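Working notes, beginning with the structure itself.
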Amino acid sequence: MKLPKTITILLLGGGGREHAIARSLAASPRTARLYIAPGNAGTSSCGTNVDMEAGNFGAIKQFVLNHGVGLVVVGPEEPLTKGIVDFFESDPELKFVPVAGPSEAGARLEGSKDFAKAFMSRHHIPTAAYRTFTKSEIAEGAAFLETLKPPYVLKADGLAAGKGVVICDTLEEAHTELTEMLSGKFGAAGSRVVIEEYLHGIECSVFVATDGEHYKILPVAKDYKRIGDGDTGPNTGGMGAVSPVPFANDEFMSKVEERIVKPTVEGLAADRIAYKGFIFIGLMNVGGEPFVIEYNVRMGDPESEVVFPRITSDVAALFEGIVCGTLDAYELTVSPLWAVTVMCVSGGYPGDYRKGFPIAGLESVATPAPKSASKGAPKSGDTVVFHAGTVATATANDVKTTAGSRDILTAGGRVLSVTSLGTTMEKARAASYATIDDLSFEGMTFRLDIGKDLEES
Ligand code: AMP
Ligand code: GLY
């Protein structure tokens, strides 16, 4: 199966990840029209924003049918864990419209930690030793904690807005946390709790595109989750990312492919789980050996903001390979340049923050137009400001307004992701920080040390 020569694409989501995907899709000659729902003030420079939530399947159906959409690309996990792929496949009017993403069963790799751990143990994929406990098993859980060494890792089974993993330094804290989680601290997401062995090492994110049979490993990245320099303070959605990752060298990546990527793709097929999308493998490098920390069923954010700018092959054709089962014929090419992205966030994030502040300086950043990406490889020094939580004062669908004349306001915790490319990580970092010097909004905060730990390693 192949898609038509040019395709009308609907991309669901509205963060920095979706701006990065939208920019790469807009650069493809295969993309006839690109709609982004709901998108943000940045995605409107790549296509047409549609005021529609990514979880509103009824509205999505009407839009797809009314606008001749021939491919749906899903950015965030929620529509996937809610079963958007199954919704399309079981609807007589939608079943011929391919959706890039796993089935609801496949999305359980992210939606249930217990499911993911059982999958890994069934398919002999290296991960931390674990056990799962329910409310009636608090005593057993407490006894299991006694067998482990500190620190203790407790994970709410379900999606808990990125807050469901708690690491406790002492046994006493771990006992309290276990009781609180199983008593409803995270609602239904915590009705089961996975307790696992703590892995000591350094993390990276491996992204795999799969059509259910074949796979391509995309550029590897590392993200920075804590709010503060030196990995201090609370966890966030991600404060920056780099790609490639020096320690993820050929030797390490061949272990990842043999021990993790192949058994994951083969395991999904063996379990008869339909999966045509991205598998995001959160890995811990423990003394040179890879262990899976978690699976996600989508691309990462902000990792996408460093992964997609390095992909020089056609990204619309990548999605075609995913949905048509022809990924083996897709030739993935990747720029050898380093990419660094630094996230500018609202003051107070990840706690309470205010929105609606004007963003100054965007017009002064010479972001290469999306279409230029098809005309040649990215160059050292290129900078792209990806929008995350932003909104334009004029409606984003108003084609008469231009980016320069609109007022763009902050509309979320993570606001702008500033990505630069460079022949070295230092050059890419320096270019991103130089661009950030020209950008401002009230309360703007960012980390100063994205990629620093890797330069020194
Ligand atoms: P998650 O929300 O699943 O991404 O987990 C949040 C973070 O907790 C991960 O990025 C790791 O830094 C940490 N973490 C999770 N599981 C473990 C583990 N078994 N050992 C050490 N750190 C872990
Ligand atoms: N950057 C981590 C995530 O997307 O979940």
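Coordinate-derived values only; no laboratory data. Keep in mind the model is a prediction, meaning the values are calculated, not measured. Because the Cβ atoms are built from the backbone with ideal geometry, glycine has one as well, and the counts that use them run over all protein chains shown.
Tabulated results
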read-out	value
T6-D437 FRET efficiency (beta carbon distance; Förster radius 45 Å; 0.05 resolution)	0.65
Pair E53, E266: separation of 7 Å Cα→Cβ label points (nm)	4.2 nm
Where labels lie 7 Å past Cα in the beta-carbon direction, separation of S254 and I202 in nm	2.1 nm
Modelled FRET efficiency - R0 56 Å, F96 with K149, Cβ distances, 0.05 increments	0.55
Kirkwood hydrodynamic radius over Cα pairs of segment 232-302, then Stokes diffusion coefficient at 25 °C and 0.890 mPa s, in µm²/s	176 µm²/s
Residue order, fewest to most surrounding Cβ atoms within 10 angstrom, among T43, T326	T326, T43
Summed side-chain charge close to D271 - residues other than D271 whose Cβ falls under 13 Å, Lys, Arg +1, Asp, Glu -1	+2
Angle between the chain longest axis and helix 16-26 axis [Cα atoms, degrees, rounded to 10]	40 degrees
Helix-only [θ]222 nm of the chain, DSSP H runs n ≥ 4, -39500 (n - 2.57) each, per residue, nearest 500	-7000 deg cm²/dmol
Relative contact order (%) - the chain, alpha-carbon pairs under 8 angstrom, separation at least six	18 percent
Cα-Cα separations in segment 122-200 greater than 16 Å, expressed as whole percent	44 percent
Translational D in µm²/s for segment 178-249 (Stokes-Einstein at 20 °C, 1.002 mPa s, Kirkwood Rh from C-alpha pairs)	138 µm²/s
K379-E89 FRET efficiency (beta carbon distance; Förster radius 45 Å; 0.05 resolution)	0.60
5 Å binning of all Cα-Cα separations within segment 17-158, expressed as whole percents from 0 upward	2, 8, 15, 16, 15, 11, 9, 9, 8, 5, 3, 1
Shape call, segment 262-378: gyration tensor on alpha carbons, a/c limit 1.5	oblate
Segment 109-258 - Rg and Dmax from Cα coordinates, angstrom	16.8, 47
Projected area averaged over orientations for segment 185-310, convex hull of C-alpha atoms, nm²	9.2 nm²
Convex hull volume per residue for segment 295-341, taking Cα atoms only, in Å³	94 Å³
Least to most buried among K427, K95 (fewest other Cβ within 10 Å first)	K95, K427
Over the chain: Rg over Rh, Cα atoms, Kirkwood Rh	0.95
Residues L178, L159 arranged by fewest to most Cβ contacts within 10 Å	L159, L178
Paired Rg and Dmax values of segment 38-82, which use every Cα atom, in angstrom	10.9, 29
Extension gain from E172 to K355, taking 0.36 nm per residue of separation minus the Cα-Cα distance	62.0 nm
